[in-house]
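The values are calculated or read from the model by the stated rules, or taken from the named source; none is laboratory data. As the structure is a prediction and not an experimental result, all values here were calculated from the model. Note that we place each Cβ from the backbone using ideal geometry, even for glycine, and neighbour counts take in every protein chain shown.
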Amino acid sequence: MTPPKEHGEGRPKVRLGTVVSDKADKTITVRIDVARRHRRYEKIVRSSSTLHAHDETNDARTGDLVKVVESRPLSATKRWRLVEVMERAK
C-alpha cells in the first residue's frame, strides 16, 4: 500500500506557513514560502504567496508556524482553514 499523498484526487491541499497578520477577527494572513530548483539553471528560486485562513478561536499569533487546509469559500478572500499551530513565535 502506498502512503497517502499530500494532495490527490478528492483530497484538500495542506500548506505550512507563517502568520504575518492576525488583526482581523477569526482570520489570519499566512505567508507560504516555497524554495525550488530552477529547471534549466539548477539555481534555488524562492517565492512566496499569501492567503487568508479561518481561525475560529483566534488562536494563532503573528510569527507562528501554522498548518492550513483548503476548504469551501468562507468569504470573498478566505478559502483555507487553520488546522493547528505547529510552533509558537518566540
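Condition test on VAL34, is it surrounded by 13 or more Cβ atoms within 10 Å (Cβ to Cβ) and at pLDDT 95 or above?
Working: surrounded by 13 or more Cβ atoms within 10 Å (Cβ to Cβ): no; at pLDDT 95 or above: yes.
Criteria not met by VAL34.
For (1) outside any strand (DSSP E or B); (2) surrounded by 12 or more Cβ atoms within 10 Å (Cβ to Cβ); (3) not acidic (Asp, Glu), each residue gets a yes or a no:
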residue: PRO12; (1), (2), (3): yes, yes, yes
residue: VAL30; (1), (2), (3): no, yes, yes
residue: SER49; (1), (2), (3): no, no, yes
residue: HIS52; (1), (2), (3): no, yes, yes
residue: ARG81; (1), (2), (3): no, yes, yes
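Mind telling me which of the residues ALA24, ALA76, ALA35 ends up being more than 20 Å from LYS90 (Cβ to Cβ) and in a strand (DSSP E or B)?
On the way: ALA24 fails: in a strand (DSSP E or B); ALA76 fails: in a strand (DSSP E or B).
Checking each option against the conditions leaves just ALA35.
Restricted to the range 10-47, and to residues that are polar (S, T, N, Q) and more than 11 Å from the chain's Cα centre (by Cα), which residue is farthest from VAL68 (Cα to Cα)?
Applying the filter and picking the extreme gives SER47.
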